[in-house]
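Heads up: the structure comes next, in structure tokens.
The values are calculated or read from the model by the stated rules, or taken from the named source; none is laboratory data. Remember, predicted model here, so these are calculated numbers, not experimental data. Note that we place each Cβ from the backbone using ideal geometry, even for glycine, and neighbour counts take in every protein chain shown. With ligands, DNA and RNA removed, areas are computed over all heavy atoms of the protein, side chains included. Shrake-Rupley method; radii C 1.70, N 1.55, O 1.52, S 1.80 Å.
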There are 4 protein chains.
Amino acid sequence: MKRVSSNIVHYTLSPFHKPVVKVDPGESIMVETIDALCGAVTEESPLEKLLEEGRLPDYFNPVSGPIYVKTARPGDTLVVEIIDIKIGARGVTINFPGFGGLTAPYLQENLPPKTKISQIENGIIHFPTENGRTIKIPVQPLIGTIGTAPPIEAQLSTKPDKHGGNMDCSDITIGNKLYLPVFVDGALLYLGDAHAVQGDCEICGVAVETSSETIVKVDVVHGKSVNWPRIETPNEIMTICSSASLEHATKLAFTELIFWLNKHYEFDRMDAYLLCSQVAKARICQIVNERYTVAAKFPKKYL
Amino acid sequence: MKRVSSNIVHYTLSPFHKPVVKVDPGESIMVETIDALCGAVTEESPLEKLLEEGRLPDYFNPVSGPIYVKTARPGDTLVVEIIDIKIGARGVTINFPGFGGLTAPYLQENLPPKTKISQIENGIIHFPTENGRTIKIPVQPLIGTIGTAPPIEAQLSTKPDKHGGNMDCSDITIGNKLYLPVFVDGALLYLGDAHAVQGDCEICGVAVETSSETIVKVDVVHGKSVNWPRIETPNEIMTICSSASLEHATKLAFTELIFWLNKHYEFDRMDAYLLCSQVAKARICQIVNERYTVAAKFPKKYL
Amino acid sequence: MKRVSSNIVHYTLSPFHKPVVKVDPGESIMVETIDALCGAVTEESPLEKLLEEGRLPDYFNPVSGPIYVKTARPGDTLVVEIIDIKIGARGVTINFPGFGGLTAPYLQENLPPKTKISQIENGIIHFPTENGRTIKIPVQPLIGTIGTAPPIEAQLSTKPDKHGGNMDCSDITIGNKLYLPVFVDGALLYLGDAHAVQGDCEICGVAVETSSETIVKVDVVHGKSVNWPRIETPNEIMTICSSASLEHATKLAFTELIFWLNKHYEFDRMDAYLLCSQVAKARICQIVNERYTVAAKFPKKYL
Amino acid sequence: MKRVSSNIVHYTLSPFHKPVVKVDPGESIMVETIDALCGAVTEESPLEKLLEEGRLPDYFNPVSGPIYVKTARPGDTLVVEIIDIKIGARGVTINFPGFGGLTAPYLQENLPPKTKISQIENGIIHFPTENGRTIKIPVQPLIGTIGTAPPIEAQLSTKPDKHGGNMDCSDITIGNKLYLPVFVDGALLYLGDAHAVQGDCEICGVAVETSSETIVKVDVVHGKSVNWPRIETPNEIMTICSSASLEHATKLAFTELIFWLNKHYEFDRMDAYLLCSQVAKARICQIVNERYTVAAKFPKKYL
């Protein structure tokens, strides 16, 4: 199995970066990723100290790649099956002043910096609290940032958009398939930002951030494109849309889902709409990145 | 057990309506409710026909009540335990032109009217599709509209707000406890708008709308108030906030949840914030009423 | 000329309050109003002191009235011409912690309270600054809150909506005509919340708040209704819409404006749309009340 | 005076494009720009025809440049004085299906395509209507898109952001100075998208689009940066912020304005906040691009 090292990382998903590996459709690749804080925050160097000493990284959320997938052409769909996510032995959670879902960048003072280092072993995250208690949380790993190259833009890896990117969706996990639009030859797949666990909304803006060795299997659907990323799990199909308006992201995700049900599953469009109102689920993936991400889900049992 | 008839219904949650019954804390009451379309839409009178003939009700979403709960005073909390929701034998779903989550009231033409009548038996909803197929959906009943009287306003029963109202939250179901603020003597509880089932977001604006016989048990917590409705289930605590900005509703719900965790469960506030980012769940209850409703949830196992 | 005293004020615009006066169409009325802070904030009792001593009013933004306009029936339009606004000799501006446009009610600390008392004489507001300078601002008076009774709701006077209410629109000033929908017999006109001057957006949430003696001339257009308030000035026609989404308020105001141009001024709808893109103006009246208010304006010279 | 040809245009503002000219601080440059529709829409080839024939450009909103300004370094501010905007003899306005402020990309049908060609002479735009009337609108030219290169991203020229871009602000006009952040050596100034006139909000998404010969004079303020674009006119200072939330864009613009008043004009921060609430103006530049743009303005006479 080919291996993508995290020695080379990028801070944009871009058509301008040189592929680090070329793979065939159907091939699996092991991708090493470093954590979203670039490995800079540790027990010895908590965020509080890094801020004081002015030693922050210039950019966050490094992604590994890009992976060139042979035969993928603009207008195709890239299929990325998540085979495994092996996470690191520690996870980092911070409050970064001015960043996060319950802060607003107007006239109020920012919340102070805070660092939490969780030890992770045997599938359990040991999240330390201020009063000395440890909260034991089962590992539910996910890949926070994954996407293809936009056609002519270079977009920061901290942003989610039609090409994927920083979606922070818990459903991008082992056993599920992600469908991404292809805009350039070879698709140019990037990924990083593994989370040991993450809640809906990722409310403070940071999960239990960790390095990973992630195995993905890539494939190409030729001649069919998707407007926005989609996921298929054993039980659900879902659309993943992002917008700086949470309302708009939600409505886009349902619109995409209804068009999908209409075009591929022979539901009348109005039927799909009225039925989603009864059986669809939705997940607010995150409300902390430049655009917010929502997944709209339909149970396979009604297809 | 006292019974509240649906012969008297209201279209506002208001301090100005006369109580239909007075009950003691700890008492259970059977409340009859009619469907959100006032029983006007039937197989013989589908929406399409009602629109043509100009026979629509003036207002929608009737609520039964109000129920006066003895000893409840402003500043108290009303506890409403949902003991049972016995729904009717048919459910109505419509697309109402100009209403719903995937329409916008600007220059585009509205979507056309549509009516679906589902037969409901043995816990299964038989939802008919245009191509003759029937989708069988298990009943998961909920009370769409429930709330106390606002202090000096009369608010339409179609709106959700701090007093509750049209929250359309699937967690307001059998076995769960709802906590509501008390603004006036006796609290004045109203409820209606039963749904046989409903998806997240209630995307077309209408669930499988049905009449019900709902049993609630009411109680009062004296001297403690809640800012916004809260729910307790066997496994979760949750806050329910509403705002015309979906982003704001979501952020308010998490803010309320974090303050709850901080005040009642001895979590440091920053700990609560960072921990919610890992283990909280969220539900977009609806994005179709004047204000949108979001529930932020925390698993009891971490309390 | 009949006179409406500010001895009776209300905190809701409501169909349930008893008229204080009945007037004929074409009649002018002098209406006394007290300031939005109920006269509670003075040099001797600044907000800081009132907060400390727990002496705040229960509600803000009192309105005088209601005025019953004879012959006005549901479906009519009430025309309110602002003849004069005679403001008081002092104006109050405050920062109220947790209220205002550059604060967010999540986890950050609120901004502190602050009180500014401006002397007003000879048409000049003397606004005092912390460093001892006085900013001299010409008086440009407006009525912040004015509206009719909603049909079955009682809405807080702090909210703007279809019936008018707390729109805080600088164009509601001397010489302009306001058109309001009539929902109940007599229309039931309320007004208050005079501002000696106010900027776009009313960003801190408070203008130079003052008492007033306001003269309005009322009239009725029978059998024609407006969806939302409208204003006519010597040079412009404008629509005033409010929504908790600023984007939605703006889009609604333009939609109403385009329908107006289409129905009353013989513009093709698409022409009206494309032309507004070239010559329309917009004003963000306020982004601090429960719903935000936007005015979309079209120059009369192109009609 | 050096001349920048429109033979080379770009569809991203990017650090990766090669400068077409290098100029000194204090130098004026004549920049040719083509219209936002790439000159593709003409009387002979209206949009309706281009859509039918599948002959649309791949990208819209071409910008000329980039111009390398000597001595400009990251952390500096680029000053761009608009000396002249000489527009073309015809202007194009279209409704592009699915684009524009009064359409929503959900389930409703899009508005149909429409093309309007205006003749422009002697400072008057002759805007044709469907019923044969011509609306005569005085030319008020502006540069719709102008900005520097982002640091590591390539952003579509259709987007506004911190580096400027597609702000569609009527105040970017003859006689005014624009201040832009510098992220890369030489600043790399791009501009295009001239409008013969444009209303607030640019509601249909398109102005009277025209080619131009624009003269700008560039200068550099070393060692001082701006977070967001700013404009200085003879009478006002203003901040220009963009966000996909109109509310957020507005609040950001006021926050920037208040910080500006505080840091450079010796206003106490709370004074600046309370004073803006009385005398500030705001302009909604556009609500049609990916991010919406708002200008918050403070009159110089109060500085």
For region D:169-201 and region D:68-88, write down the distance between their C-alpha centroids in whole Å. 9 Å
Just how many pairs of Lys in region B:41-164 have C-alpha atoms closer than 19 Å, counting pairs that are eight or more places apart or on different chains? 4
Taking the axis of the rotation relating chain D to chain C, the D residue whose Cβ comes closest, together with that distance in whole Å, is D:Leu246, 2
Orientation-averaged projected area, Cα convex hull of region A:2-228 (nm²): 12.9 nm²
List the distances, in nm to one decimal, from the label point of B:Cys38 to the label points of the same position in every other copy, shortest first, placing each label point 7 Å from Cα along the Cα-to-Cβ direction. 3.7, 5.5, 6.3
State log₁₀ I(q)/I(0) for the protein assembly as shown at q = 0.07 Å⁻¹ as given by the Debye formula over alpha-carbon point scatterers of equal weight, solvent excluded. -0.70
With 10 Å bins from 0: P(r) over region C:164-303, alpha-carbon pairs, percent: 11, 41, 36, 11, 0
Ranked from the most accessible area to the least, with a 1.4 Å probe and all protein chains present, what is the order of A:His163, C:His17? C:His17, A:His163
To the nearest 20 Debye, how big is the dipole of chain B about its Cα centre, given +1 on the beta carbon of each Lys and Arg and -1 on that of each Asp and Glu? 620 debye
What is the Å³ per residue value for the convex hull set by the Cα atoms of region C:174-248? 147 Å³
Give me the log10 of I(q) over I(0) for region D:1-110 at q = 0.12, 0.13 Å⁻¹, as the Debye formula computes it from C-alpha points; what are the numbers? -0.60, -0.69
Quick check: the distance between the Cα centres of region B:20-38 and region A:209-266, to the nearest angstrom? 43 Å
Taking the label point as lying 7 angstrom from Cα along the Cα-to-Cβ axis, what are the distances from D:Leu56 to the corresponding position in the remaining copies, in ascending order and in nanometres? 3.4, 4.0, 5.1
Based on the alpha-carbon gyration tensor of region B:69-143 and its eigenvalue square roots a ≥ b ≥ c, which shape applies: rounded if a/c is under 1.5, prolate if not and a/b is larger than b/c, or oblate? oblate
Based on C-alpha coordinates, I'd like the Rg and Dmax of region C:206-258, in Å. 14.5, 38
Relative to a virtual label point 7 Å from the Cα of C:Asn227 in the Cα→beta-carbon direction, which members of region C:181-211 show backbone nitrogen distances below 16 Å? C:181-182
Neighbouring partner chain Cβ atoms per residue of D:94-106, average, 10 Å criterion: 6
Can you send over the solvent-accessible area of C:His222, 1.4 Å probe, protein chains only, in Å² to the nearest 10? 110 Å²
Dividing the convex hull volume of the alpha carbon atoms of region A:115-175 by its residue count, what do you get in Å³ per residue? 114 Å³
Other chains' Cβ within 10 Å of C:263-275 residues: what's the mean? 6
For label points placed 7 Å from Cα toward Cβ, what is the shortest-first list of nm distances from B:Pro74 to its copies? 3.0, 5.9, 6.6
Out of the trypsin sites (Lys or Arg not before Pro) in region A:1-88, which ones are loop residues according to DSSP with at most 11 other C-beta atoms within 10 Å? A:Arg55
When N is the residue count of region A:154-214, what does its C-alpha Rg come to as a fraction of 2.2 N^0.38 Å? 1.18
Give a quick list of trypsin sites (Lys or Arg not before Pro) in region B:172-236 that DSSP marks as loop, anything other than H, G, I, E or B, with at most 15 other Cβ atoms within 10 Å. B:Lys224
Give the accessible area for C:Cys276 in Å² (nearest 10); use a 1.4 Å probe, count only protein heavy atoms, and leave out ligands, DNA and RNA. 0 Å²
Counting only DSSP beta bridges with both residues in region B:2-228, tell me the antiparallel percent, nearest 5. 90 percent
So what is the calculated 222 nm ellipticity per residue for the protein assembly as shown, using -39500 (n - 2.57) for each DSSP H run with n of 4 or more, over all residues, to the nearest 500 deg cm²/dmol? -4000 deg cm²/dmol
Need one value: the accessible area of C:Met30 in square angstrom, 1.4 angstrom probe, rounded to the nearest 10. 20 Å²
Pick out, in residue order, every one of the GluC sites (Glu not before Pro) in region D:49-81 that is DSSP loop and has at most 15 other C-beta atoms within 10 Å; say none if there are none. D:Glu53
